[in-house]
1. Cβ neighbours within 10 Å, averaged per peptide: list 83-95, 320-332 in order, most packed at the top.
2. Specify the inter-centroid distance of region 395-421 and region 47-88, based on alpha-carbon positions, in whole Å.
3. Before rounding to the nearest 500, sum -39500 (n - 2.57) across all DSSP H runs of length at least 4 in the chain and divide by the residue total; then give [θ] at 222 nm in deg cm²/dmol.
4. List the aspartates and glutamates whose alpha-carbon lies under 19 Å from that of Lys461, not counting same-chain residues fewer than 8 positions away?
5. Just flag the trypsin sites (Lys or Arg not before Pro) in region 539-578 sitting in loop per DSSP whose Cβ has no more than 14 other Cβ atoms within 10 Å.
6. With r as the distance between the Cβ atoms of Arg195 and Ile26 and R0 = 56 Å, compute the FRET efficiency 1/(1 + (r/R0)^6) and round to 0.05.
7. If you take every DSSP beta bridge whose two residues both sit in region 364-478, what share of them, in percent to the nearest 5, is antiparallel?
8. Grab the beta carbon distance between Arg304 and Glu365, set R0 = 22 Å, and tell me the FRET efficiency rounded to 0.05.
Amino acid sequence: MSGKDEPVSARRSRAWLGDGGKNGFIARHHLRQMGMAGRQFDGRPVIGIANTWSELTPCNAHLRSLAEAVRRGIQQAGGMALEFPVLSLGEPFMRPSTMLYRNMMAMELEELIRANPMDAVVVLTGCDKTTPAGLMGIASVDLPAIMLTGGPMLNGRFRGKAVGSGTDIWRMSEGLRAGEVSQSEFTEFESCLNRSAGHCMTMGTASTMASIAEVLGMQLPGAAALPAVDSRRVALAEDTGARAVELADEGLRPSQIMTREAFENALVANAAIGGSTNAVLHLLAIAGRCGVPLTLDDVDAIGREIPLLVDLMPSGKFLMEEFAYAGGVPGLVQRLGDRLHGDAITVTGSSIREAGRNARIDDDEVIRAWDNPVQPAGSGTAVVRGNLAPNGAVLKISAAEPRLLRHEGPALVFDSIEDYQAVCEDDLLDVTEDTVLVVRNCGPRGYPGMPEVGNLPLPRKLLKQGIRDMLRISDARMSGTAYGACILHVAPESAVGGPLALVRTGDVIALDVDERSLEMRVSDEVLAQRRAEWVAPAPPSDRGWTRLYAEHVQQADTGADFDFLLGSSGSLPGRAAF
Ligand code: FES
Ligand code: MG
């Protein structure tokens with residue numbers, strides 16, 4: 001039985017707590033062990049609080065206190081709150097890449113929800129991968145659920161100027177390498193960037209996915225942009241808890257919210273905010289869990305229509321604080337108007353149109369009008385294809401120097417990121433601003449885990465000449481806070497024999513973003529010859545998670561989820577075997 005269509009109104013927590021015999025006794029007496037009074041066993045809804053709090057994920061370190069506000073909201077609304085930890089994925093520390101573990105967190109969350117007594121769940125996330133993993137997990141169990149992202153940090157502030165997560169690190173570190181920034185300046189900058197709790201406050205992957213979670217309808221209006229430390233976020237956490245109790249009674253499920261229309265809305269919003277290229281990968285994966293058809297062609301087609309309206313780094317100049325004060329996602333929803341499917345239902349129970357109607361836009365410089373965009377329609381994530389990337393690759397147009405959007409140049413090819421790093425400081429490196437840097441074996445299976453190395457640092461030789469951008473191609477990802485003419489997510493990746501594996505130094509590579517084409521000027525006969533000589537790399541591991549990952553991960557063009565995790569298994573509890 002799939003369980004997908006079972007009535008939620010028959011409160012599933014009663015399968016544990018409502019039993020008068022031994023099984024119910026076992027469940028209840030262990031709740032009493034935590035000091036819970038018997039009155040809580042009166043049939044009230046049980047609401048899980050899935051918490052990705054961890055000191056290994058500093059961006060989520062405040063979620064423990066935010067969970068207390070969620071708990072208050074649940075209790076005020078008459079529910080029982082049970083908080084539980086979920087694998088946390090922290091960008092700053094995890095190696096080789098948090099992306100290696102996104103599907104693990106999604107699996108863990110799905111299984112924990114299904115295996116335990118709860119009628120609805122609040123999912124607390126923040127740092128990049130925790131939000132998409134959370135959405136994937138709740139989609140696959142399809143119990144009433146609501147997300148709450150932890151909110152962005154306050155603006156960084158360095159020597160009188162606002163500075164942004166990631167973006168200004170790349171800028172300052174390139175300055176350091178070019179000799180324009182001193183070591184002491186760089187060290188001082190380190191303590192000025194992250195001034196509060198919260199996730200990165202540029203429109204990197206965390207802010208993008210938070211905004212997308214709100215536009216998809218999975219978190220309350222305003223939840224994406226309010227600073228982590230804003231007291232209104234604490235109040236919003238209470239509201240989120242209270243709403244979860246109502247959701248348990250109403251039975252409104254993720255599958256009713258995350259529809260095709262909602263995903264199209266998310267793609268519209270992603271283009272309007274200048275969202276991270278990573279969002280493409282995550283949206284494809286979440287849609288796969290929801291059984292909603294969504295492809296790279298949808299990403300490209302929708303992106304072409306929508307201008308960049310939100311002026312945030314890395315594509316623009318402001319930060320999430322300004323976005324929040326300007327109106328946040330509800331303001332953006334109002335501005336997007338009928339470009340969105342207004343009837344799409346959100347976790348509030350009412351439509352996304354309603355969220356926009358109740359919004360205010362208080363700063364047109366941050367949330368621009370349609371006739372005054374930061375960049376024109378089609379400046380976001382484009383999808384290119386050709387004999388180098390038959391299944392597609394992505395490029396963030398607004399992040400690249402325009403001269404590189406139509407470019408031909410000789411390839412300089414590296415089989416690993418380490419091979420490139422070993423020579424990129426070499427002043428004798430045979431490279432010019434026309435060279436196309438290619439790094440392969442950085443895909444989902446090849447690295448493994450598709451790390452954020454696609455924004456290769458420029459060769460120092462070129463930095464010294466004042467060059468700040470060049471065409472780079474890889475099967476890797478790049479941080480949502482990064483910039484540059486970087487073609488990413490090449491599919492199929494080289495480790496599975498994609499044509500990226502066949503390109504050689506000196507081959508001419510031609511990119512034409514208007515035409516959406518990416519070609520290597522090498523004949524089919526020569527490519528066939530090279531393919532015959534190609535030897536697949538050894539699997540990254542013969543045991544454990546990495547082996548499971550390498551055996552089941554799909555390619556970037558469909559979201560790099562596991563083949564066996566697509567879809568949903570519903571929320572029916574398993575058998576009681578006590
Ligand atoms: Fe956690 Fe950027 S490092 S959101
Ligand atoms: Mg990031």
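1. Values: 83-95: 18.6, 320-332: 24.8.
So the order, starting with the most tightly packed, is 320-332, 83-95.
2. When both Cα centres are located, 42 Å separates them.
3. Numbers: 20 runs with 205 residues, N = 578.
Taking each H run of at least 4 residues, the total per residue is -10500 deg cm²/dmol.
4. Those aspartates and glutamates meeting the cut-off are Glu174, Glu180, Glu401, Glu418, Asp419, Glu425, Asp426, Asp427, Asp430, Glu433, Asp434, Asp469.
5. Here the trypsin sites (Lys or Arg not before Pro) that fit, given the DSSP loop and packing criteria, are Arg543, Arg575.
6. Numbers: r = 48 Å, r/R0 = 0.85.
Efficiency computed from Cβ-Cβ geometry: 0.70.
7. In region 364-478, approximately 40 percent of DSSP beta bridges are antiparallel ones.
8. On the way: r = 25 Å, r/R0 = 1.14.
The formula returns an efficiency of 0.30 here.
Read the figures in this text as sums done on the coordinates, not as results from a lab. Bear in mind the structure is a predicted one, so any value in this text is a computation, not a measurement. Because the Cβ atoms are built from the backbone with ideal geometry, glycine has one as well, and the counts that use them run over all protein chains shown.
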